[in-house]
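A short write-up of the structure that comes next.
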Amino acid sequence: MIQAPKGTYDVLPSDQGARRTLRAHAERILTAAGYSRIETPAFEPTELFSRGVGAATDIVQKEMYSFDDGAGRSLTLRPEGTAPVCRAYIEHGMHKLPAPVKLWYLSAFFRAENPQRGRYRQFWQVGAEVIGADSPEADAELIVLLGELLEAMGVASVRLRLASLGQPETRGAYRAELTEYLRANAASLSAEVRARIELNPMRAFDSSDPQTRAVMVGAPKLLDRLGPDDAEHFACVRELLDAAGIGYEIDPTLVRGLDYYTRTLFEFTSDSLGAQSGVGGGGRYDRLIEQLGGKSTPGVGWAAGVERILLAAPDQPRAPELVDLLVITAPAGDAPAAGPGGSGDDARAARPAAFELAREARRAGLAAQLELTGRSLKSALKHADRLGARYVAIVNDSQQATLRDMAGGEQQELATGAVVAAILRGKRL
Ligand code: ATP
Ligand code: MG
């Protein structure tokens with residue numbers, strides 16, 4: 001048996017309801033705020049991600065599916081959406097559009113990860129980007145919109161963590177200061193943290209070792225080192241969120257896996273998710289477009305994991321599938337109780353009429369299906385019940401049909417050409 005690759009999954013018809021709900025909420029919330037949907041290719045030049053996401057990040061270091069295109073060029077299945085959207089912004093000269101350009105996407109992404117619950121090798125993200133605005137309102141608006149989406153989906157136990165990274169230069173100086181502090185306190189740090197002082201000093205904030213944690217309480221915090229403009233921007237974002245009644249925790253240790261962030265950084269988590277608690281997050285990336293070869297242009301955005309939203313909000317109202325009409329051809333000698341008996345010839349003559357009736361019904365806007373398996377009348381009526389069909393039309397010959405109201409069981413004989421009108425009349429009542 002051939003199986004789907006590890007870390008991938010099939011989206012079955014029974015899964016579609018919840019996904020449709022998510023898509024509808026995203027579309028409604030983001031469209032109302034002036035965001036337009038964008039679709040970029042599933043693969044891109046590898047360089048886009050090494051330059052855009054950052055060569056030192058986990059994503060670029062070990063999570064990319066890269067391959068040779070056969071002509072010596074390296075391509076990569078997209079691991080994230082911001083760099084591709086910015087590439088498209090530059091490539092299509094969107095800076096000529098009225099600023100800001102507000103875009104959203106709902107697409108599949110690919111990362112070579114260790115598959116677990118909520119962590120897959122092909123997964124979906126819904127994301128939104130505002131390109132060409134540097135005001136704190138843009139950051140706060142995006143946070144509010146993601147909050148609304150999570151709320152509309154009923155994601156349980158949501159928490160919002162917020163930080164600011166300032167500028168890369170500030171971060172560089174801070175990193176040196178933190179490294180110095182860790183070296184001075186090396187004796188009290190866990191062996192693991194001590195070994196990584198030079199490599200990744202920020203990781204020390206994540207340690208669960210009690211002695212290390214005690215040291216980190218006194219460690220310098222990046223938030224206290226922001227330049228005056230960055231501090232002012234961050235204060236404005238917080239004020240806007242306060243005014244909007246959005247709860248958040250300032251988390252000076254928040255680090256995200258992408259290098260391009262400047263200033264605001266945020267993450268929504270859900271306590272109901274266990275280890276993979278990140279539902280969605282994002283931040284400001286004022287240096288990214290320039291880094292990708294465009295004119296210096298500020299940007300801010302987020303991405304949220306579709307599977308994690310659905311895991312944290314499993315109870316999606318299932319919209320019932322509507323079937324207005326099931327069209328059956330009366331099998332030979334198997335006519336409905338109240339209908340005329342069908343001969344073999346009649347049944348044969350009924351087939352094109354039944355086929356045409358289903359088409360006519362769909363043209364009139366009805367959800368109409370044709371019985372395709374040739375099952376007996378009794379079994380076809382049972383099937384109609386299973387589908388939840390409102391009406392069944394049993395086409396007896398080229399002219400005549402029996403229309404059965406599945407709710408009450410009433411039947412009426414009528415010309416095949418009058419069936420659709422009768423249903424439409426019935427539906428209006
Ligand atoms: P994590 O810390 O869980 O690895 P991340 O920081 O790599 O997340 P981002 O790159 O910011 O995540 O992606 C945004 C969102 O996409 C995450 O919050 C998560 O909901 C989802 N996500 C990321 N990687 C995966 C994956 N491999 N499978 C499913 N969802 C994912
Ligand atoms: Mg990750």
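The values are calculated or read from the model by the stated rules, or taken from the named source; none is laboratory data. Treat the numbers as computed from the prediction; the structure is a model and nothing was measured. Don't worry about glycine lacking a Cβ; one is built from the backbone with ideal geometry, like all the others, and counts go over all protein chains shown. Accessible surface areas use protein heavy atoms only, side chains included; no ligands, DNA or RNA. Shrake-Rupley method; radii C 1.70, N 1.55, O 1.52, S 1.80 Å.
Points to keep in mind about this one:
- Over the chain: helical MRE at 222 nm, DSSP H runs n ≥ 4 each giving -39500 (n - 2.57), nearest 500: -10500 deg cm²/dmol
- Annotation: lysines with alpha-carbon distance below 29 angstrom to Lys382 (same-chain offsets under eight excluded): Lys427.
- Both radii are taken from the alpha-carbon atoms of the chain; with Rh as the Kirkwood radius, Rg/Rh is 1.15.
- For the range 386-403 versus the range 29-61, the gap between their alpha-carbon centres in whole angstrom: 51 Å
- Shape category assigned to the range 218-308 from the gyration tensor of Cα positions, a/c cut at 1.5: oblate
- Beta-bridge orientation, the chain: approximately 80 percent antiparallel, per DSSP, counting only bridges with both partners inside.
- Cross-link reach list, lysines versus Lys295, counting only Cα pairs under 29 Å and skipping chain neighbours closer than eight places: Lys96, Lys102
- With both labels modelled 7 Å from their Cα along Cα-to-Cβ, the Gln3 to Arg359 distance reads 4.5 nm.
- Contour minus Cα-Cα distance for Asp15 and Asp271 (0.36 nm per residue): 89.8 nm
- Cα gyration tensor shape of the range 1-63, rounded if a/c is under 1.5, else prolate or oblate by comparing a/b with b/c: oblate
- Backbone N under 19 Å from the Ala173 label point (7 Å along Cα→Cβ), restricted to the range 281-309: 287
- Pairwise FRET efficiency - Asp229 versus Arg386, Cβ, R0 = 56 Å, nearest 0.05: 0.30
- Solution diffusion estimate, µm²/s, Stokes-Einstein, the range 355-429, Kirkwood Rh from C-alpha pairs, 25 °C, viscosity 0.890 mPa s: 195 µm²/s
- With Cα atoms defining each centre, the range 281-314 and the range 107-135 are spaced 9 Å apart in the structure.
- To the nearest ten degrees, helix 344-363 and the longest principal axis of the Cα atoms of the chain are 40 degrees apart.
- For the range 105-122, backbone phi angles converted through the Karplus equation (6.51, -1.76, 1.60; θ = phi - 60°) give residue-by-residue couplings of 9, 9, 8, 8, 10, 9, 9, 7, 10, 7, x, 8, 4, x, 9, 10, 8, 10 Hz, Gly and Pro being listed as x.
- Inverse mean reciprocal Cα-Cα distance (Kirkwood Rh) of the range 144-203, Å: 14.5 Å
- Those GluC sites (Glu not before Pro) in the range 126-214 that DSSP places in a loop and that have at most 14 other beta carbons within 10 Å: Glu198
- Inter-label distance for Ser188 and Ala219, nm, one decimal - labels placed 7 Å from Cα along Cα-to-Cβ: 1.3 nm
- Rounded to the nearest 20 debye, dipole of the chain from Cβ charges on Lys, Arg, Asp, Glu: 740 debye
- A crude spin-label estimate for the pair Thr31 and Leu414, with each label 7 Å from Cα along the Cβ direction, gives 3.4 nm.
- Dipole size of the range 182-331 about its Cα centre, with +1 on Lys/Arg Cβ and -1 on Asp/Glu Cβ: approximately 540 debye, rounded to the nearest 20.
- Cα pair count fraction exceeding 21 Å, expressed as % - the range 24-152: 48 percent
- Within the range 1-95, the GluC sites (Glu not before Pro) that combine a DSSP coil assignment with at most 11 other C-beta atoms in a 10 angstrom radius are Glu39.
- The chain: relative contact order as a whole-number percent, Cα under 8 Å and 6+ apart: 15 percent
- Taken per residue, the accessible surface of the range 64-185 reaches 42 Å², heavy atoms only and a 1.4 Å probe.
- Nearest-0.05 FRET efficiency for Glu113 and Glu39, computed from C-beta distance (R0 25 Å): 0.60
- Cα gyration tensor shape of the range 113-161, rounded if a/c is under 1.5, else prolate or oblate by comparing a/b with b/c: oblate
- For trypsin sites (Lys or Arg not before Pro), the sites in the range 25-82 that DSSP calls loop and that have at most 15 other Cβ atoms within 10 Å are Arg73.
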